[in-house]
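Asker: Handing you this structure, nothing more for now.
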Amino acid sequence: MTDAADTPLGELNVSPTGWALLGMLSGGDELSGYDIKKWINWAIQFFYSSPAYSQIYSELKRLERLGLVSSRVDAGARSRRMYKITDAGLSAVTRWANEEAVEPPTLKHNPVLRVMLGHLLKPGRLREVLAEHADYADRMHQAAATEARWTEDQPAWSYAGLALRWSERYYAAERELALQMIKDLDAVEAQLAETGAQNMEFPVREYWYEVERRIAAEETDETPPGAQRPD
């Protein structure tokens, strides 16, 4: 077992999921892997990818080997292993929350990727994709609003409530963006029909490099005073 109390964070080799699990255990209660998964489904799923049970249990075992959590078997009606954060684990996750750089979110927006590749989709399919995404965002918005409401009477859940209210607003905005894109799609399809460019090809590669040069010129203000920038 590693003495993790004073080990530099970078040398602990804890994954992002591991830090999230330590954060959930930092409240002090013993939790089973099932409990943790339920908590993730309750709140964290709205803004952080939800790990599978197998990943949760493998991460908990690794955290125990590092001395960041301890476990015991609760031999009740349903025998289950309960996990509790150690002093070293609480110290490590507190340092991580305060000192580790906060990376910007990585957005992988599959519906918008389909929009980008709209020339490949069959007629009407893109509209279906966006409508399905709007429905998904609406369901997530309502679920986040419900979960946020249930945090209001528990002071210990105040920060969780903040995250859930953010999630509620986020999915409301996501729904509106999808609905607006459906409206914008009407204009795009009308323009393509008017110009006869439904089966268009992408601009040649030289065009992209020219665009890149123009953008670079704008960003570095290389355009001479009084000169007109190219459209």
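Asker: Which is closer than 30 Å to K108 by Cα and of a type in the set (D, E), of E59, E30, E64? Break it down stepwise before answering.
Answerer: On the way: E30 fails: closer than 30 Å to K108 by Cα; E64 fails: closer than 30 Å to K108 by Cα.
On inspection, the qualifying residue turns out to be E59.
Asker: Would you tally the residues in the stretch 58-82 being open to solvent by 30 Å² or more (accessible area, probe 1.4 Å) and either outside the structural domain of P8 (by the TED database) or β-branched (V, I, T) (or both)?
Answerer: Count: 1.
Asker: State all residues of the stretch 115-156 that are in a loop (DSSP other than H, G, I, E, B) and either in contact (Cβ under 8 Å) with a residue 40 or more places away in the chain or farther than 18 Å from I44 by Cβ (or both); if no residue qualifies, say none. Break it down stepwise before answering.
Answerer: Taking the stretch 115-156 as the starting set, the residues that turn out to be in a loop (DSSP other than H, G, I, E, B) are 117, 121-124, 150-154.
Result: L117, L121, K122, P123, G124, E152, D153.
Asker: For the stretch 140-159, check the following and say yes or no: at least one residue is at pLDDT 90 or above, under 30 Å from G10 (Cβ atoms) and not assigned by the TED database to the domain that holds P8.
Answerer: Yes.
Asker: While we're looking at this one, here's another question. Of the residues that sit in the stretch 83-112 and are more than 11 Å from S26 (Cβ to Cβ), of a type outside the set (S, T, Y) and surrounded by 10 or more Cβ atoms within 10 Å (Cβ to Cβ), which one is nearest to the chain's Cα centre (by Cα)?
Answerer: Ranking the qualifying residues of the stretch 83-112, first place goes to H109.
Asker: Still on this structure: Being under 22 Å from Y159 (Cα atoms) and not polar (S, T, N, Q) narrows it down to one of A75, A20, A52, so name that one.
Answerer: On the way: A75 fails: under 22 Å from Y159 (Cα atoms); A52 fails: under 22 Å from Y159 (Cα atoms).
Selected residue: A20, the only one of A75, A20, A52 that is under 22 Å from Y159 (Cα atoms) and not polar (S, T, N, Q).
Asker: Regarding D184, is this residue farther than 17 Å from L126 by Cα, outside the structural domain of S49 (by the TED database) and open to solvent by 60 Å² or more (accessible area, probe 1.4 Å)? Show your work before the answer.
Answerer: Numbers: farther than 17 Å from L126 by Cα: no; outside the structural domain of S49 (by the TED database): yes; open to solvent by 60 Å² or more (accessible area, probe 1.4 Å): yes.
When the stated conditions are applied, D184 does not pass them.
Asker: What number of residues in the stretch 51-62 are under 24 Å from Y136 (Cα atoms) and in contact (Cβ under 8 Å) with a residue 12 or more places away in the chain?
Answerer: Filtering the stretch 51-62 down to residues under 24 Å from Y136 (Cα atoms) leaves 51-53.
In the following step, the residues that additionally are in contact (Cβ under 8 Å) with a residue 12 or more places away in the chain were identified as 51, 53.
Matching residues across the stretch 51-62 total 2.
Asker: If you check V112, V93, V73, which single one turns out to be over 25 Å from G161 (Cβ atoms) and part of a helix (DSSP H, G or I)? Spell out how you get there, then give the answer.
Answerer: Numbers: V93 fails: over 25 Å from G161 (Cβ atoms); V73 fails: part of a helix (DSSP H, G or I).
Going through V112, V93, V73 in turn, the sole match is V112.
Asker: Quick check on the stretch 137-153. Is at least one of its residues aromatic (F, W, Y) and open to solvent by 100 Å² or more (accessible area, probe 1.4 Å)? Walk me through how you get there before you give the answer.
Answerer: Looking only at the stretch 137-153, we keep the residues that are aromatic (F, W, Y), and these are 150.
Subset that is open to solvent by 100 Å² or more (accessible area, probe 1.4 Å): 150.
Yes, there is a match, as at least one residue in the stretch 137-153 is aromatic (F, W, Y) and open to solvent by 100 Å² or more (accessible area, probe 1.4 Å).
The values are calculated or read from the model by the stated rules, or taken from the named source; none is laboratory data. Just so you know, these numbers come straight off a predicted model, no measurement behind them. Neighbour counts run over all protein chains shown; Cβ positions are idealised from the backbone, glycine included. These area figures cover heavy atoms from the full protein model, side chains too; ligands, DNA and RNA do not enter into them. Shrake-Rupley method; radii C 1.70, N 1.55, O 1.52, S 1.80 Å.
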